[in-house]
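Structure first, then comments.
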Amino acid sequence: MTPIQQLMLGVGAAKKKYIDQVFHIEPRDGDNSSNKTVNTGEMGSPDFVWIKCRETSYDHLLYYKMHGEDSGVAKSLHQDSSVLWPDSDHDLDFTSTGYSIRTNDGAQNANNSQYIDWSWKKDPDFMDIVTWSGNGNDSQTISFDLKAGLSGFMIIARCHSHSSDTYVYHHKLNNGSGDLNRYMRWGSSNGSATFNNSGNWDVDENALTFKAQKQISGSGDNEGLNGNGRQYQAMIFAESAAWGDNADQKIISTGNYTGDGGDDVKVDCGFEPQYVMVKSESDNSGSWSVFDHSRDMCFDVKSPRLAWGDSGAENDNNYLGFTRNGFQLLSGGWHVNRSGTKYIYMAIRKPDGLVVSEPTAPSKVFAVDAGNTNSTIPAFNSDFRTDFYLQRSDYATSGLWRAQSRHQAKKFLSPKDDRTLEAHGYMVLDSNHGAATNFGSNDMAWMFRAGRGFNVVHYEGLQNNNDNYPHYLGGTPEMIWVKNMNTANKDWMCWFTGDTDDGDWDDNYYIQLNKASQKYGTGGVSAWGTNGNPHNATTFRVGNHSSVNDQNQHYMACLWRSIAGYSKIGAFTGSDSSLTITCGFQPSFLIIKCVNADTTWGIWDYYRGFDMRAVFGSESNAGHSNEGTISRTSTSFTLPGNKEDFNDNGRYYVYYAHA
């Protein structure tokens, strides 16, 4: 059958699926209120919610929608007990847009406490939740609703009517062999063990079943998953390349690795994760450790860890860092990286441009705001999770420019100079509603969310001339900024697409964000490699220039591309009279840089007004000033003429505009 015939018959027209529809992380500050509502965005109503207080020793609270279907109120399960919590002090309501936390108990919503909520939704290409009543037989076959033929299974099964262990199957148990007669216990530091009887999980990926054994770790009804009259449930995860516009992307990876006690282990998940669970399985060491990108993670020195089965507060250490295609162990330690120990993991993908839906409005991916002095995040408000932002203090006069991305917790880079990362206690990103704390009304932020039009990629330099890295934009980048994060005296290196004074940008040219200079050629040392066309729809390329690709150095790359109706990257030739540039929308934000003369970068935005140009980067401490009004229509912007920095005869410019 041809594709046209399939289309006519409705075949192959399955609904496209994206990561935010099935997994959501909500970092939040407690406010001591009752019936606190949490909106889970595109997910709508989740099937499972997990809550943990980050700062204090409170139990993990687990809520399954099925436990509230009769009464409308979901009771919690705690990590140290399989019985549903009988009292009302931990209740939760599932709503059509998320969930509502009923009480202000310390484990859920105490004032001045920080919490992390993880929410999941069932999908045949991701996860299912099933229940059954034990029948007392040696085993019982349990069916689940995932797509046939999937791989990478992980099962978490427990009783919720009686106290007993929670049992875990992972397809990489026993050094990757996937023995079906092995299990692990959730909440225990022990490694994997063999079933107490001759039974096994008997996972059948085609029949979509597994066996619930009556006896696993012992001989009693409380040491298995099929005691007579007892009530059980299981979450079943599997890998499936069925996500994104082309239904060819994975959003979950379940694998294993061997620790080395150092910092050389790099685990390839095939994507950058937002959530990783790790557990040792070959010896009795280390808890079930959980990391996510919403809790002050820093790429090289800090990775806040919470432990399944442990009520303790999160602790910061250099456990692991998320990378462009997985995660890297940062030091030794029995939780995640004891030398010679075998570990299993589950990783869930970051919402990147290949697995997120198109934004419903430009304001869902970009925002400008002045500070509100809040001592809790956000001081700068947005309607989305901020993945990168530019910030300026005392924007009208001479304040410092700063830039921060996720994985740079309480640290920043300065776009106006070539310094390395510096600490700043106010610069945090553990919120889905903005950035930072304590900044006031004289301070500004320009905030971006990663997705189809923008992404941040962290990578480690190799110093080769043509190193390619995935960017997950879903299309070819048109503007790239790269900055070394480890070493000072390394410039910000920028690349643009589009025609300039001597044709297309080639491999040898770059602009420095931190200098008021024209574009440079790099001579025999290339910033973007050789052989033409350095970037494509899946990767971007760097050469052997030390500012973009030095051996064992860590870099941040910010990449943008045009999205029709939302953003536009382009170039134009200046004029001594007014000039209209069509971009397809009314800009709310604009960056312009001359490429063939030594001039400063300029920023305009709707908040300060399009008559006020802020000098951006460029080694300048200048504030903003009125250099003529840029007028705007619903499809374009018009520049006043004879302005050397942004519209002058004989000069060539590049620009970025966002609606």
For region 267-361, Kirkwood radius (reciprocal of mean inverse C-alpha pair distance, Å): 13.9
- prompt: Residue by residue, what Karplus-based ³J(HN,Hα) values in Hz, rounded to whole numbers, does region 134-140 have, using 6.51, -1.76 and 1.60 with θ = phi - 60° and x for Gly and Pro?
  reply: x, 10, x, 6, 4, 7, 9
task: At 7 Å along the Cα-to-beta-carbon direction for both THR360 and THR141, put a label point, then send me their distance in nm to one decimal.
output: 4.3
- line: For ASN135, other-chain or 5+-apart residues with amide H closer than 5 Å (H placed, Pro excluded) are GLY229
message: From the Cα trace of region 365-431, what convex hull volume per residue do you get, rounded to a whole Å³?
response: 94
statement: Under the helix-only model (-39500 (n - 2.57) for each DSSP H run of 4 or more, divided by the residues of the chain), the mean residue ellipticity at 222 nm, to 500 deg cm²/dmol, is -500 deg cm²/dmol
field: Cα-based Rg of the chain normalised by 2.2 N^0.38 Å, two decimals
entry: 1.02
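Hey, what does the equivalent ellipsoid look like for region 165-264, semi-axes from the Cα gyration tensor as sqrt of 5 times each eigenvalue, largest first, whole Å?
Those come to 27, 20, 12 Å.
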task: Give the residue from GLN215, ASN196, TRP120 lying farthest towards the positive end of the charge dipole for the chain; charges sit on Cβ (+1 for Lys and Arg, -1 for Asp and Glu) and the dipole is referred to the Cα centre.
output: TRP120
statement: A correct Stokes-Einstein calculation for region 141-195, using the alpha-carbon Kirkwood radius, 25 °C and 0.890 mPa s, returns a whole-number D in µm² s⁻¹ of 196
- request: Report the label-to-label distance for THR194 and ALA396 in nanometres (one decimal), using points 7 Å from each Cα along the Cα→Cβ vector.
  value: 7.7
statement: A chain fully extended from THR95 to ALA247 at 0.36 nm per residue, minus the present Cα-Cα distance, gains in nm 51.9 nm
message: Please give the charge dipole size of region 174-221, origin at the Cα centre, charges +1 on K and R Cβ atoms and -1 on D and E Cβ atoms. Round to the nearest 20 debye.
response: 180
field: Residue among ALA247, GLY261, GLY227 farthest towards the positive dipole end of region 223-269, charges placed on Cβ
entry: GLY227
- prompt: Out of residues 5 or more away from THR323 or on other chains, whose amide H comes under 5 Å of its own, with H placed 1.01 Å from N in the peptide plane?
  reply: GLN328
task: Figure the gain on full extension for ASP87 and SER57 (residue separation times 0.36 nm, minus the Cα-Cα span) and round it to one decimal in nm.
output: 8.9 nm
- request: Determine the gain in length on full extension of the stretch ASP264-ASN466; use 0.36 nm per residue of separation and subtract their C-alpha separation, reporting nm with one decimal.
  value: 70.4 nm
message: Give me the dipole magnitude in Debye, nearest 20, for region 343-476 about the Cα centre, with unit charges on the beta carbon: positive for Lys and Arg, negative for Asp and Glu.
response: 180
Calculated P(r) tail over 24 Å for region 58-211, as whole % of Cα pairs: 43
Karplus (6.51, -1.76, 1.60) ³J(HN,Hα), θ = phi - 60°, over region 49-63, in Hz, Gly and Pro reported as x: 10, 10, 10, 9, 6, 7, 9, 10, 7, 10, 4, 5, 10, 10, 10
- line: Phi-derived 3J(HN,Hα) across region 628-643 with the Karplus relation (6.51, -1.76, 1.60, θ = phi - 60°), rounded Hz, x for Gly and Pro, is x, 8, 8, 8, 10, 10, 6, 10, 7, 9, 10, 9, x, x, 6, 10
message: 7 Å from Cα along Cα→Cβ at both LYS16 and THR487: what's the point-to-point distance in nm?
response: 4.1
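Quick note: the coordinates plus some simple rules give every number you see, no bench work behind them. Since the model is a prediction, treat every value here as computed from it, not as a measurement. So basically every Cβ, Gly included, is an ideal-geometry build from the backbone, and we count neighbours across all protein chains shown.
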